[in-house]
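Read through the structure below, which is laid out as structure tokens, and then see the notes.
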Amino acid sequence: MALFVVLLGPPGAGKGTQAKLLAQSFDLPHVSSGDLFRDHLKRETRLGLLAKDYMDRGGLVPDNVTVDMVIDRLSQPVCQKGAILDGFPRTLSQALALDEAMEERGEQVDLAPLIQVSDDEVVKRLTARRSCRSCGAVYHLLFNPPRVEGVCDVCGGPLYQRDDDNPETVRNRLYTYYKETSPLIGYYCAKGVLREVDGERSIDDIQVDLHAVIEAL
Ligand SMILES: [Zn+2]
């Protein structure tokens, strides 16, 4: 039986990390919308060029382009046994499009674990990133701090906080999450596939819970 898992959670919940680990232990492909974008852009596919066109004009890539990229990947033989999805669907309309495409093939989203992290914790985590001005190395004051405060381990350059990581930008990302992505929680709950997991613990502890949730299927 195929196993399709959609990981949900706010930015900074660690979905990418957990998705990678799950993909390894269940021997399933990790389908990340970010990776798909980069891959299509690099290979200059029709969808990649279409996405680039929107981005070059400063716009958002429309849902149907993203949906087509994901469906395209899911229809490849490598995803026959299932997949761990991360970063997709991001909106209710993407979730509906995904369900429709999967239904046509007799498949469905089997599980949607929600990695729960409070707003305060999200802000704390996402504002703790520091980058090196000289070599671009990235640090995290909580999870991967530099040996000397404010100084790059690699090259000794000065560390700074990028605009992406300042509290106001992070609050905006959270707002977008609540507005666009959080409706998926109700959607998957109504379908009986939502499972809540406490995300304010170690990577290993969260992974153990995710395993339990999948094995209980
Ligand atoms: Zn450096």
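The values are calculated or read from the model by the stated rules, or taken from the named source; none is laboratory data. Just so we're clear, the structure is a prediction, and the values are computed from it rather than from any experiment. Don't worry about glycine lacking a Cβ; one is built from the backbone with ideal geometry, like all the others, and counts go over all protein chains shown. Side chains are part of the model used for accessible areas, which takes the heavy atoms of the whole protein and leaves out ligands, DNA and RNA. Shrake-Rupley method; radii C 1.70, N 1.55, O 1.52, S 1.80 Å.
Look through the range 133-163, keep the residues that are open to solvent by 50 Å² or more (accessible area, probe 1.4 Å) and within 13 Å of Gly12 (Cα to Cα), and return whichever of them is modelled with the lowest pLDDT.
Among those residues, the one meeting the criterion is Phe143.
Looking at the range 38-53, I want the residues that are surrounded by fewer than 12 Cβ atoms within 10 Å (Cβ to Cβ) and have a partner that is in a helix (DSSP H, G or I) with Cβ atoms under 8 Å, at least 6 apart or on another chain. Which pairs are those?
That search, which allows pairs on different chains as well, returns Lys42/Gly48.
Of these, Asp72, Asp86, which one is away from the ligand (no atom under 16 Å from the Cβ) and either within 22 Å of Glu180 (Cβ to Cβ) or among the β-branched types (Val, Ile, Thr) (or both)?
Asp86
What about Thr181, is it more than 16 Å from the ligand (Cβ to nearest atom), under 21 Å from Leu22 (Cβ atoms), among the polar types (S, T, N, Q) and in contact (Cβ under 8 Å) with a residue 12 or more places away in the chain?
Considered against the rule, which asks whether it is more than 16 Å from the ligand (Cβ to nearest atom), under 21 Å from Leu22 (Cβ atoms), among the polar types (S, T, N, Q) and in contact (Cβ under 8 Å) with a residue 12 or more places away in the chain, Thr181 comes out as yes.
In the range 54-87, what residues are hydroxyl-bearing (Ser, Thr, Tyr) and touching a residue at least 24 places away in the same chain (Cβ under 8 Å)?
Thr66, Ser75 - these are the residues of the range 54-87 that are hydroxyl-bearing (Ser, Thr, Tyr) and touching a residue at least 24 places away in the same chain (Cβ under 8 Å).
Hey, could you check the range 133-170 for residues that are outside any loop (DSSP other than H, G, I, E, B) and over 27 Å from Asp119 (Cα atoms) and say which is farthest from the ligand (Cβ to nearest atom)?
Val148
Here is a check on your reading of the model: is Val70 open to solvent by 20 Å² or more (accessible area, probe 1.4 Å) and either among the aliphatic types (A, V, I, L, M) or more than 16 Å from the chain's Cα centre (by Cα) (or both)?
No, not satisfied.
Condition first: part of a helix (DSSP H, G or I) and crowded, with 21+ Cβ neighbours inside 10 Å. Now tell me which residues in the range 74-98 satisfy that.
Matches in the range 74-98: Leu74, Ala95, Leu98.
Starting from residues that are open to solvent by 30 Å² or more (accessible area, probe 1.4 Å) and in a strand (DSSP E or B), keep the ones in the range 122-132 and report whichever is modelled with the highest pLDDT.
Arg130
Of all residues in the range 187-217, which are open to solvent by 50 Å² or more (accessible area, probe 1.4 Å), touching a residue at least 12 places away in the same chain (Cβ under 8 Å), in a loop (DSSP other than H, G, I, E, B) and within 16 Å of Pro10 (Cα to Cα)?
Glu200
Those residues that are within 17 Å of the chain's Cα centre (by Cα) and free of Cβ contacts under 8 Å to residues at least 12 places away in the same chain, I need them from the range 109-146; list them, please.
Once the filter is applied, which keeps residues that are within 17 Å of the chain's Cα centre (by Cα) and free of Cβ contacts under 8 Å to residues at least 12 places away in the same chain, the range 109-146 yields nothing.
Exactly one of (1) at pLDDT 95 or above; (2) open to solvent by 70 Å² or more (accessible area, probe 1.4 Å) is unmet by Leu184. Its number?
Failed condition: (2).
Could you grab me the full set of residues in the range 102-121 that are open to solvent by 20 Å² or more (accessible area, probe 1.4 Å) and either within 16 Å of the ligand (Cβ to nearest atom) or in a helix (DSSP H, G or I) (or both)?
Glu103, Glu104, Asp119, Asp120, Glu121
Filter the range 9-37 down to the residues that are among the polar types (S, T, N, Q) and surrounded by 19 or more Cβ atoms within 10 Å (Cβ to Cβ), then identify the one that is modelled with the lowest pLDDT.
Ser33
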